[in-house]
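Notes to accompany the following structure.
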There are 6 protein chains.
Amino acid sequence: MGAAVLSADEHEGQAASDSWLPSLMTETPREGFALAVKLSQKGVATTQTDAEVRKELRPEYAADPNSLIAISHVIATHFQTVAAANDYWRE
Amino acid sequence: MGAAVLSADEHEGQAASDSWLPSLMTETPREGFALAVKLSQKGVATTQTDAEVRKELRPEYAADPNSLIAISHVIATHFQTVAAANDYWRE
Amino acid sequence: MGAAVLSADEHEGQAASDSWLPSLMTETPREGFALAVKLSQKGVATTQTDAEVRKELRPEYAADPNSLIAISHVIATHFQTVAAANDYWRE
Amino acid sequence: MGAAVLSADEHEGQAASDSWLPSLMTETPREGFALAVKLSQKGVATTQTDAEVRKELRPEYAADPNSLIAISHVIATHFQTVAAANDYWRE
Amino acid sequence: MGAAVLSADEHEGQAASDSWLPSLMTETPREGFALAVKLSQKGVATTQTDAEVRKELRPEYAADPNSLIAISHVIATHFQTVAAANDYWRE
Amino acid sequence: MGAAVLSADEHEGQAASDSWLPSLMTETPREGFALAVKLSQKGVATTQTDAEVRKELRPEYAADPNSLIAISHVIATHFQTVAAANDYWRE
């Protein structure tokens, strides 16, 4: 099982509440990376809100190296933000 | 219902006033993310000001994984700005 | 009427003076966003200096979602600079 | 032997633990660059979790200059984060 | 006349001296933008060192909106660096 | 002679030592730019470690404006890092 960038839960995508992003603070770099992945997914889900459509697109991008690289770039951009927010988890 | 990156309201797109972007400050990270989405939409609406055209383009990009990923990248870039403006919503 | 990214005024594009960019400081976030749009246009006009050619290209990119998204990304990058220059218009 | 951006170990890709990213701190710039490469790989592995699929895609992107350049861009983005985290390894 | 991103002078492109980039400091934002354009050109000239080839490629990218937008993005990235170096030309 | 982004020396690409990146500090902006070019090349060489393959790809990307622009973007991203590391070579 893995995290599909285009498959954030639809209910969450429509939620007006802050439940999916209560804070940018995380305990560890690893959790910060997971948050960056989540933010990337939300960026997609905000535009394509139909979870069914996102699911159907998955085989296409998951087998396309350039799509995967582009997704990795988005994650990297969000990770910059999360890492800065956490002062890079310096001791 | 969802937010279409290419479908910001036309009236707003042409507004000279500051009504659509009074401040970069938001109460929560979640509102900051929503603002990043809005800024991404405005970047598109500034170039393609015809809301009807933007609406017609929607089926095209909403079903194209690479377009969705690219949109997510723009949102990520604006979210960096909004998060920094809010000092990452640190306590 | 809208701002065409590829259609900055030719005279300006060739101007050696500082008239088109006297400062990065703006009164409001909205004006800062407008400046980011202007900077994006100038980046194009610096390469394609013929305003007539830029005008001819317009129908092409204005109807292409991926071009519009790419333009929005350039604006986002410049907005980072302008927002930082203005210390995010914090009170 | 080389590091394949699309071929991070599957077991690692699914690990919930912090074992693969204990810290952003490295002893040297060279190690920081290696970490940036690893982060880029993880961004891909998070989406395409099947190591076998990633392996199959390799010949495609490894021979495509534009894919290689795009990968280099992702690494550059992560290297910004890692370098900042380490205060640029200044003495 | 305009600045061709792919047509930095060949002699300069091969120069080992610091003559083409003595400093990131500029008097004005406008000069800073011009430096960003120059840096973008150098990035290209470092890879394609043959000025004749760069000149031949010009009609291709100068009439391609997506190429022009991509060039504008590179300039925006360098302008971030130059603007930060000059502390945004604040008074 | 010029620097081929895809042709970093194979021996270097496989080196585990810090010899190719002892520091991000440079004497001048010009040397910093050269380091940014080197980092861009390393990002490619980390993925495509076969110098022979990289050499074969060269004619393809060196004659493709969009590839050249993309390379320039990667260099710009690394130059941001190197420039910040050197505090922009301010006096």
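Assorted remarks:
- Residues (open to solvent by less than 10 Å² (accessible area, probe 1.4 Å) and touching a Leu at 6+ places or on another chain (Cβ under 6 Å)) located in the range B:48-72: B:Arg54, B:Pro65
- Test: B:Asp87 is modelled with pLDDT of 95 or more, more than 7 Å from chain C (Cβ to nearest Cβ), on the phi > 0 side of the Ramachandran plot and open to solvent by 10 Å² or more (accessible area, probe 1.4 Å): yes
- Any chance B:Asp50 is within 22 Å of A:Ser67 (Cβ to Cβ) and acidic (Asp, Glu): no
- For the criterion of being within 9 Å of chain F (Cβ to nearest Cβ) and at pLDDT below 95, E:Ser67 fails.
- Flag if A:Leu68 is in contact with a helix residue (DSSP H, G or I) (Cβ under 8 Å, 6 or more places away or on another chain), without any contact (Cβ under 8 Å) to a residue 40 or more places away in the chain and closer than 29 Å to A:Met25 by Cβ: yes
- Residues satisfying the criterion are absent from the range F:73-83 (criterion: hydroxyl-bearing (Ser, Thr, Tyr), more than 12 Å from the chain's Cα centre (by Cα) and either open to solvent by 10 Å² or more (accessible area, probe 1.4 Å) or at pLDDT below 95 (or both)).
- Top-ranked residue in the range D:1-44 [being hydrophobic (A, V, I, L, M, F, W, C) and at pLDDT below 65; ranked as surrounded by the most Cβ atoms within 10 Å (Cβ to Cβ)]: D:Val5
The values are calculated or read from the model by the stated rules, or taken from the named source; none is laboratory data. Owing to the predicted nature of the structure, the values given are computational and were not obtained by experimental measurement. No Cβ is skipped: glycine too gets one built from the backbone with ideal geometry, and neighbour counts run over all protein chains shown. Please note that ligands, DNA and RNA were not included when accessible areas were found on the heavy atoms of the full protein model with its side chains. Shrake-Rupley method; radii C 1.70, N 1.55, O 1.52, S 1.80 Å.
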